[in-house]
């Protein structure tokens, strides 16, 4: 398969401006600014079926169409936080194919009438911010950013911004709070960012991988993009594969490829030939999927994975074999979400605290069946009551782990 997003694997040095230009770079941005109206760009992206790759899977063109044209200025923000455990696709795109991402950000900014765009990165990614600053400077020098672009009166500036390294800042409203210099905590919605976003102005927020698709859609058309993937999930996806596989890494595949293809054909199978026991399709925030041959042959797209009682999310596929006990998985995910809870709402702040206490007791061999029942009760009490999705995510592995793998917990507490 020819790569669409990870093109650096086939085109050496595409991270260099002259090489990117030789391979069609910035032709889509020029086409948008010189030959298309902003709403025509939005309509094309909407027609392509492109959905957000950050986890929610919301239709990209539809999100762009929500921008409030009664209030100015407009802003565009690229969410490069990538804080979900098991997800490492955006980093590869920014490091090795940065101009395609930046061109997608520029096209999106034009489509929604934004003259200023920000790239929000987690603080640990200072090296990528430095690299992107260099690429932005090259674009400015070459005339792809700045004033009166392509002689059509459109102007655009792009800036990078480093956060403090918090999982919650991957949530778009907490990201905006952080970008404004405030504590990274989610906002009450509505209003939503396309109406009231950065500095109280209309703002569109998209993930890095999402934006990297946009130049290719403008270059080749909506029908070309829809020819790949499934009716529910058009195009290609970068699947971040990790866990007990022989060849962890990023694999770009069309939606509809199966878990078996990803794990065995691309990931080289499981270490030491063990069977797959659990799949976490969306990283630490996943519901745990009990694996059998039917599950392995399930197509990976948003709607089909939902039929397995989980979500595809950002497609950070963590594979667990039969050497790992589910109570350990649950303990690790709970500890992560306890550490990352922003503390704004009581159900998440207190719920993750108590779930961590219980899982630590079970992990130390001092737990009882009553502790398992209490852990499940606390998790279910949190569901539907937290201010944002983090609290909900913290319960996913707990509830599905206890309900779908009760034997592992009985063994852990020697019931």
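Values quoted throughout were computed directly from the atomic coordinates according to the rules given, and no laboratory measurement underlies them. Please read these numbers as outputs of a predicted model, since none were measured by experiment. In this analysis, Cβ positions are derived from the backbone assuming ideal geometry, glycine residues included, and neighbour counts consider all displayed protein chains.
Brief remarks on what is shown
- Rounded tilt (10° steps) of 208-220 against the dominant C-alpha axis of the chain: 50 degrees
- The alpha carbons of the chain give a radius of gyration and a Dmax of 21.9, 74 Å, in that order.
- Three-way shape label, the stretch 299-376, alpha-carbon gyration tensor, a/c 1.5: oblate
- In terms of other Cβ atoms within 10 Å, 274, 15 run from fewest to most in the order 274, 15.
- Mean separation of Cα contacts under 8 Å (6+ apart) over length of the stretch 170-255, as relative contact order %: 15 percent
- The ranking of 346, 304, 352 by Cβ neighbour count inside 10 Å, starting from the fewest, reads 346, 304, 352.
- Placing R0 at 22 angstrom, the Cβ-Cβ distance between residue 11 and residue 141 gives a FRET efficiency of 0.50 after rounding to 0.05.
- Cα gyration tensor shape of the stretch 7-226, rounded if a/c is under 1.5, else prolate or oblate by comparing a/b with b/c: rounded
- Pairwise FRET efficiency - residue 126 versus residue 150, Cβ, R0 = 41 Å, nearest 0.05: 0.80
- Sequence-distant contacts, meaning Cα pairs under 8 Å at least 6 residues apart, place the relative contact order of the chain at 16 percent.
- Between residue 34 and residue 47, the modelled labels are 2.1 nm apart [label points 7 Å from Cα along Cα→Cβ].
- Placing a label point 7 Å from the Cα of residue 133 along the Cα-to-Cβ direction, the residues of the stretch 141-183 whose backbone N falls under 12 Å from that point are 159-162.
- In terms of its alpha-carbon gyration tensor, the stretch 236-321 comes out rounded; the largest-to-smallest axis ratio a/c stays below the 1.5 threshold.
- Here 328, 64 are placed in order of increasing Cβ neighbour count within 10 Å, fewest first, which gives 328, 64.
- Compared with the dominant principal axis of the Cα atoms in the chain, helix 98-112 is inclined by about 70°.
- Of the peptides 398-404, 125-131, 283-289, the ranking by mean beta-carbon count within 10 Å, highest at the top, reads 283-289, 398-404, 125-131.
- Label separation (residue 180 vs residue 381): 3.3 nm, computed from points 7 Å beyond Cα along the C-beta direction.
- Helix 326-340 and the longest principal axis of the Cα set of the chain meet at an angle near 50°.
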